[in-house]
Amino acid sequence: MLALLGILTALATTAWGAWRDRVHTQTAQADLIAFSLAIDDHLAHHGQLPPDLAAVGRGRARDPWGNAYV
């Protein structure tokens, strides 16, 4: 019985990690699309690319893993 519980725990932990990685990746992709749209909007209104993400209101954005977007 204890072995079965260990196996089920291992499987659940592996599935949880894979699910979390997929969610983080999808969130990062959505962030990049939003950045792209904001940069395109800035370019259309100002005739030049923004100097940094702060110029398009995304200066303090962090990726799903907690790192600052550079």
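The values are calculated or read from the model by the stated rules, or taken from the named source; none is laboratory data. On a predicted model such as this, the values are computed, not experimentally measured, just so you know. Neighbour counts are summed over all protein chains in view; Cβ atoms, including those assigned to glycine, are modelled from backbone coordinates with ideal geometry. Protein only, heavy atoms only, side chains kept; ligands, DNA and RNA dropped before computing areas. Shrake-Rupley method; radii C 1.70, N 1.55, O 1.52, S 1.80 Å.
What about Leu11, is it open to solvent by 100 Å² or more (accessible area, probe 1.4 Å) and assigned to a helix (DSSP H, G or I)? Break it down stepwise before answering.
On the way: open to solvent by 100 Å² or more (accessible area, probe 1.4 Å): yes; assigned to a helix (DSSP H, G or I): yes.
Criteria met by Leu11.
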With criteria (1) in contact with a Gly (Cβ under 8 Å, 6 or more places away or on another chain); (2) modelled with pLDDT under 95, Thr13 comes up short on (1)
query = If you go through region 14-37 one residue at a time, do you hit one that is over 21 Å from Asp63 (Cβ atoms) and either open to solvent by less than 80 Å² (accessible area, probe 1.4 Å) or not small (Gly, Ala, Ser) (or both)?
reply = yes
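Consider region 39-70. How many of its residues are small (Gly, Ala, Ser), part of a helix (DSSP H, G or I) and loosely packed, with under 14 Cβ neighbours inside 10 Å?
Within region 39-70, the first condition is being small (Gly, Ala, Ser), and the residues that meet it are 44, 47, 54-55, 57, 59, 61, 66, 68.
From what's left, part of a helix (DSSP H, G or I): 44, 54-55.
Checking the rest, the ones that are also loosely packed, with under 14 Cβ neighbours inside 10 Å come to 44, 54.
Residues flagged as small (Gly, Ala, Ser), part of a helix (DSSP H, G or I) and loosely packed, with under 14 Cβ neighbours inside 10 Å within region 39-70 amount to 2.
Go through region 42-70 residue by residue and tally those that are of a type outside the set (Gly, Ala, Ser) and closer than 29 Å to Arg22 by Cβ.
So in region 42-70, the residues of a type outside the set (Gly, Ala, Ser) come out as 42-43, 45-46, 48-53, 56, 58, 60, 62-65, 67, 69-70.
Remaining after also requiring closer than 29 Å to Arg22 by Cβ: 53, 56, 58, 60, 62-65, 67, 69-70.
Number of matching residues: 11.
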